[in-house]
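Inspection log for the structure reproduced underneath, given as structure tokens.
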Amino acid sequence: MRPWSFEDRTREIDFDVIFFLATMALLVLGTVMIFSSSYFISKELYGNGITMTKKHLLHVALGTVAMLGIMSIDYRKLSNRNLVLFALAGSALALVLCFAPVIGRSGGHAQRWIGIGPASIQASELAKMALILFIANYLSRKSRTMDDFARGPLPALAIVAVMCLLIFIEPDFGTAASLGIWSVMLLFIAGMRTKHLLILVGTGVPLGLAGMLMEPYRRARLTAFLDPWGDMLGIGYQIIQSMVGFANGRFFGSGLGEGTQKLFYLPAPHTDFILAVVGEEMGFIGVVLVAGLFGIWIWRGFSIAMATNDSFGYHLVIASVCLIGLQAIFNMGVALSLLPTKGIPLPFFSYGGSPLLSTMCICGVILSVSRRARL
């Protein structure tokens, strides 16, 4: 009788266990950090320190149900062209409705949400999921024409550009820029020529710089990135406070719940700069743990893609993993002062219902593919 092995058990369970466990570990650790980072802000806003944590737990529950539900569906049904077109059109309409009276909702000088009763949805998160379906469907059909720019990359780039433009005018420069980078990366992986990549990079970098310089607050973010100490109490304040958080944490951290930067010193400690709270309370070890979990998540995602003998499934997973991975890298880079501030949330960690729900739906898609991959 052959001895029991982990591989046998994995086949019995019928999905990628390591990817699933990495997802749940990120979700649990993110929830713990939401509680710690949002407690005093929640008390200030709602009079109760756990109100924001309760809302987050509701989103966790909904996201987990969505992930398990999508995971049980055959991902190949998502390749239906009518479904893809409907998703694209619906998400584009949602982006436009952000500017409509009554329906559109604003926050922080941006029109990024649509209201459905008491709830609100961030339209760009719908756009991300729609673009994943579109790009996977497109590349699975056009992979043999990627060396012909007009027939291969250009039509896909045109669709992505329209969506990015709608997101950019909300305004949400960070999300628009990251989606642009993501789409070019996927086209190159699919076989786009290096010379076409260089042309796109040569065109995109000046456009990106122009987008950053055209608004005073974006110019201020760039200035703060280059020299935060030049205006310590002004444009450089947020990134300096983030670095102070990491410095306070040292190697082992001050202990969960014991950080001081979240006491209204560090702006957005529960959203864009939650990694600084991790660094202060869990230290260098905690930051390495978070980065390591994302590394495992990305590794297993790519493993699922490579084990998939279906072109649509392969591109679906690659697109999903690259999008979440890029968001994590950009957020960490900003918190560590390696990149200019962009306002991109850290997946699984940053407070916000729409980003978490879309991330969990994406995880469900990857797990659905893993159930049919030869791991």
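Structure above, values below:
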quantity	calculated
Computed P(r) (all Cα pairs; the stretch 299-365; 10 Å bins; percent)	21, 44, 28, 8, 0
Inter-centroid distance (Cα atoms) of the stretch 220-263 relative to the stretch 177-219, Å	29
Sorted by Cβ neighbour density within 10 Å, fewest at the top, the residues M306, M332	M306, M332
Over the stretch 249-374, volume per residue of the alpha carbon convex hull, in Å³	111
Positive-pole candidate from G174, F188, A92, dipole of the stretch 77-214, charges at beta carbon	F188
Over the stretch 91-156: Rg over Rh, Cα atoms, Kirkwood Rh	1.19
Inverse mean reciprocal Cα-Cα distance (Kirkwood Rh) of the chain, Å	21.6
Calculated diffusion of the stretch 77-214, Stokes-Einstein form, Kirkwood radius summed over Cα pairs, 20 °C and 1.002 mPa s, µm²/s	136
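Bear in mind that the values in this text are calculations on the coordinates, not laboratory data. Bear in mind the structure is a predicted one, so any value in this text is a computation, not a measurement. Because the Cβ atoms are built from the backbone with ideal geometry, glycine has one as well, and the counts that use them run over all protein chains shown.
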